[in-house]
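Since the structure comes first, as structure tokens, the remarks are kept for the end.
A short reminder: the numbers here are calculations on the coordinates, not readings from a lab. The structure displayed is predicted, hence computed values, not measured ones. Reconstructed Cβ throughout: ideal geometry from the backbone, glycine too, with neighbour counts over all protein chains shown.
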Amino acid sequence: MARTCRRLIALLALTLGAGAPALDAAPPATVVARPASPEVTAEMQRAVEQARARFEMRDLAGVLTSVSEQYRSGGMTKTAVREQLNGMFALYQQLRARVTVDRVEMVGGDAWVYTTGEVSGRLPIVGWVTFLAWQGEPEVARREATGWRLFGFQD
């Protein structure tokens, strides 16, 4: 579940951490990763920030606009991402997310967005608890008609 949530938050990602491959996942050997242009990197940073803010506002529909209808990663689909978010929203009274875009690489027409972050939630009586933290985790985004959306590591 931690990896799942981490991915969804990551692109928040344009969402927020849904399922993903092992941490050592790399672009396919036959495809070359190249640094994204400054414009694409800025678009990704804005998309991540918008999704992060929507997550903290508990705006399920807003967060899910960052996830493609074709999202599939590590067995997770957009429906499963929705369920994960609903679970977090039900469990925690408040949520905070810190997400930094470390770098963006282009692999074919896809953007591989690497992020570092931390997610915490406030529980009754207990207070604030950090329940997710990650460094340099990738997520795949694809440009669709409505803009960049999480696409996942299609399996």
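General remarks:
- Residue separation of Glu56 and Gln154 scaled by 0.36 nm, minus their Cα-Cα distance, works out to 32.5 nm of gained length.
- Here the Karplus curve 6.51 cos²θ - 1.76 cosθ + 1.60, taken at θ = phi - 60°, turns the phi angles of the stretch 57-71 into couplings of 7, 6, 8, 4, 4, x, 5, 5, 5, 7, 10, 5, 5, 8, 4 Hz, with x standing for Gly and Pro.
- Chain lengthening between Phe89 and Val129 when straightened (0.36 nm per residue, less Cα-Cα): 13.0 nm
- Spacing of the modelled spin labels on Gln45 and Gln70, each 7 Å from Cα toward Cβ, amounts to 2.9 nm.
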